[in-house]
Amino acid sequence: MSDQKKKLLVSAIENGTVIDHIPANHLFKVISILGLDSLKKQITFGTNLESKKLGHKAIIKLSEVYFKDEDINKIALIAPHAKLNIIHNFKVTDKRDVQVPEKIKGIAKCGNPKCITNNDNVNTIFYVLPKDSEKVALKCHYCEKITDPEDMEVF
Amino acid sequence: MKNRSLISINDYSKEDITKVLDLAEEFEKNPTQSLLENKVIGTLFFEPSTRTRLSFESAVNRLNGRIIGFASKDSSSVQKGESLKDTIKTVNNYCDLIVMRHPLEGSARFASEVADIPVVNAGDGANQHPTQTLLDLYSIRKTQGTLENLNVFLIGDLKYGRTVHSLLMAMSNFNTTFNFISPEELKLPDEYKMYLQDKGLEYEEHIDITDNINNADIIYMTRIQRERFSDPMEYEKTKNSYVLKNDMLDGTKENMKILHPLPRVNEIHEDVDENKKSYYFTQALNGVYTRMAIITSILGIK
C-alpha cells in the first residue's frame, strides 16, 4: 500500500500527535494505557495497515494532544517501535521514539493471581528487565514474579 | 541493617549475610541474654506455621523480649474483613518489630512499606522466606567451615520450592557448584538457570539420585507435594524414587551433611536419622540462633 493511500485511510490533522508503528494487535491496549478512551479530543485511528517492519500496524492521530515523555513511554512495553510525529500546521515539526521506562506504576495487572496487588488495595509497580534484545519482562516489585508484556492486562 | 526490613534474601548483601551468621555464632555460644528487655515483637501469622513461629518466639523469649500476635487468621481481625494495611498500621503502634507470615505473595513487601517499624518476612506464599535461607546458610557454614567453593546438591521439588530458590540465589555469592536432581515435571525453572549462567556458575541437572551424590558437600532435600501433580499415580511413582536411604550414603564424603527445611514426609528414610551425616534437626535449632541474630541486628542492639 502506498503512502498516498494510507493518508486517505486516516485523515490528516492540523495540530497534534501521530503515533505510528503500533503493532496492530496491541492498538486497543495502547488506547487504554494512554487513557484515550476518556479524552475529549478528536481522535482517528487505523489498524491492520500493511507495514514492512511489523506485518500489520496501527496508527493513531490525535488532534490538539501532546504527550509528556513519561506518559508516552508507558506504551514502549507493547509498542517498542512506535514513532511519534508532532504536527503543527499539517507539518511534522518533531519526531520522537519511545523509550522503555525502568519502572512502571499502576498501569498493568500482575499476572500472578496470588500476588497481594490482585487481592488487596495495592497499586502495582513493575521493574522492566531486558529479556532479550527485542523483548522485556516485567518483574513485580511485590511478589517478584515475571509478567510478559504480551500477556499483560491493562487496568 | 539497623531498622531495615528483611523481606527477600536479595535485600541482604554478602556482607550483611556474613554479619548475621557471625552474630548467630555468638548466640550459639551464649544463647540466654537479656538483650530484648523492654522490647515487644509482634508475630502476625495469617497462615499457621508451627515451626517458624515457635522458632521466632523461642528466639525472642530466650533474649527476654515480649511477644504479642496471633497464630492464624481466624484469631485476627482479618476475619472481620480488615485490610492488611489497616492491620499493619494498627499493630505498628504496639510493637518494635513485626514478624509476618502471610499466604499472599508480596504481602510482606507491602507491609514493610506501610509500617514505620521494620518487618521480617516469615514467608509470603511461594515467594520468599529469607530467615529460612539464613539459617540454611548458617548450617552450611557451620558444618563445612566455609560457604566458598562448595558442591551443593538440591533434590526434590525444585520447581515450587521457595527455600530452594532463595538458597540458590544466596549461595551464588560464594562460587557454589550446583547439582539439581528432580523429576522432569518439577525441574528448576529456567529463570534460575539463567541467573546462574549470568553469574558464571556451573550446574548440572539429573533425573535420578545416583552415584554422583558422592561429590556432594551438602545435600539439600525437599518435600515433593502431592498437590503439585495432576495425576495421583504419577505422584505415587515419583515420590518413591526421590527417597534418600542410609545405604546410598556409603560412598559420600566425610564432611557431607544432609539438610532439609522440614517437615519431612518420606523423602529421607528414618534410617538416615542416626547417620552422623544427617543434620536436619540441628538445622532447626540453628534457626533460633539465626533469628536472634536477625532481630537484634535489625533493632540495632547488635
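For the peptide A:116-125, the mean number of other protein chain Cβ atoms found within 10 angstrom of a residue's Cβ is 5.
Both radii come from the Cα set of segment B:151-244: Rg as radius of gyration, Rh as Kirkwood radius; their ratio Rg/Rh reads 0.96.
Shielding value for B:122-130 is 3, the average number of Cβ atoms from other chains within 10 Å of each residue's Cβ. Computed from the C-beta positions of A:Q99 and A:N119 and an R0 of 35 Å, the FRET efficiency is 0.60 to the nearest 0.05.
Among rounded, prolate and oblate, which fits chain A when a ≥ b ≥ c are the square roots of the eigenvalues of its C-alpha gyration tensor, a/c under 1.5 means rounded, and a/b larger than b/c means prolate? Write down the numbers at each step before the final one.
Details: a/c = 2.28, a/b = 1.86, b/c = 1.22.
The shape class here is prolate.
Rounded to the nearest 20 debye, what is the charge dipole size of chain B about its Cα centre when +1 sits on each Lys and Arg Cβ and -1 on each Asp and Glu Cβ? Before the final figure, lay out the partial values.
Numbers: 36 positive and 44 negative charges, 233 e Å.
Roughly 1120 debye for chain B.
Treating only the Cβ atoms of Lys and Arg (+1) and Asp and Glu (-1) as charged, compute the dipole magnitude of chain A about its Cα centre; round to the nearest 20 debye. Show your work: numbers first, answer last.
Working: 24 positive and 20 negative charges, 63 e Å.
Its charge dipole is roughly 300 debye.
Stokes-Einstein, applied to the Kirkwood radius of the protein assembly as shown over Cα pairs at a viscosity of 0.890 mPa s and 25 °C, places its translational diffusion at 98 µm² s⁻¹.
So what is the calculated 222 nm ellipticity per residue for chain B, using -39500 (n - 2.57) for each DSSP H run with n of 4 or more, over all residues, to the nearest 500 deg cm²/dmol? Walk me through the intermediate numbers first.
Working: 9 runs with 108 residues, N = 302.
That calculation yields -11000 deg cm²/dmol at 222 nm.
Compared with the dominant Cα axis of chain B, that is its longest principal axis, helix B:130-144 is turned about 50°.
Would you mind getting me the FRET efficiency between B:K2 and A:D69? Use the beta-carbon distance for r and R0 = 56 Å, nearest 0.05.
Details: r = 38 Å, r/R0 = 0.68.
Calculated value: 0.90.
How do B:160-172, B:129-141 rank on mean C-beta neighbours within 10 Å, highest first?
On the way: B:160-172: 22.0, B:129-141: 25.7.
Taking the mean over residues of other Cβ atoms within 10 Å, the ranking is B:129-141, B:160-172.
In whole percents, the pair-distance distribution calculated for segment B:200-290 from its alpha-carbon pairs, binned every 5 Å from zero, is 3, 12, 21, 23, 19, 14, 8, 2, 0.
Which of B:Y203, B:Y235, B:Y280 ends up with the largest GNM mean-square fluctuation for chain B, with Cα atoms connected below 10 Å? Of the options given, B:Y235 has the highest mean-square fluctuation. With contacts taken as Cα pairs under 8 Å at a separation of at least 6 residues, chain B carries a relative contact order of 21 percent. For segment B:27-92, the alpha carbon convex hull comes to 82 Å³ per residue, rounded to a whole number. For A:H21, the residues whose modelled amide H falls within less than 5 Å of its own, excluding neighbours fewer than 5 places apart on the same chain, are A:A58, A:K83. What is the helix-to-structure angle for B:280-298, meaning the angle in degrees between its Cα long axis and the longest Cα principal axis of chain B, kept from 0 to 90 and rounded to the nearest 10? Tilt of helix B:280-298: around 40 degrees. With N counted as the residues of segment B:19-135, its alpha-carbon radius of gyration over 2.2 N^0.38 Å works out to 1.05. Annotation: amide H-H contacts under 5 Å for A:S51 (H modelled 1.01 Å from N, sequence separation of 5 or more, or interchain): A:H56, A:K57. Put simply, the amide H of A:V136, placed in the peptide plane, has neighbours under 5 Å in A:K131, leaving out anything fewer than 5 places away on its chain. Each residue of segment A:141-146 was assigned a 3J(HN,Hα) from its phi angle through the Karplus expression (A = 6.51, B = -1.76, C = 1.60, θ = phi - 60°), giving 4, 8, 8, 6, 7, 9 Hz with x at Gly and Pro.
Per residue of B:100-112, what is the mean number of Cβ atoms on other protein chains within 10 angstrom of that residue's Cβ? Each step should come with its number before you reach the end.
Working: counts 0, 0, 1, 3, 12, 14, 18, 9, 2, 8, 9, 1, 0.
Going residue by residue through B:100-112 and averaging, the value is 6.
The mean of 1/r over all distinct Cα pairs in chain B, once inverted, gives the Kirkwood hydrodynamic radius of 19.9 Å. Taking the Cα atoms only, what angle lies between the long axis of helix B:50-62 and the longest principal axis of chain B, rounded to 10 degrees? For B:50-62 against chain B, the angle is about 50 degrees.
Values quoted throughout were computed directly from the atomic coordinates according to the rules given, and no laboratory measurement underlies them. Model, not experiment: these values are computed from the prediction. Cβ atoms come from the backbone with ideal geometry, glycine included; neighbour counts cover every protein chain shown.
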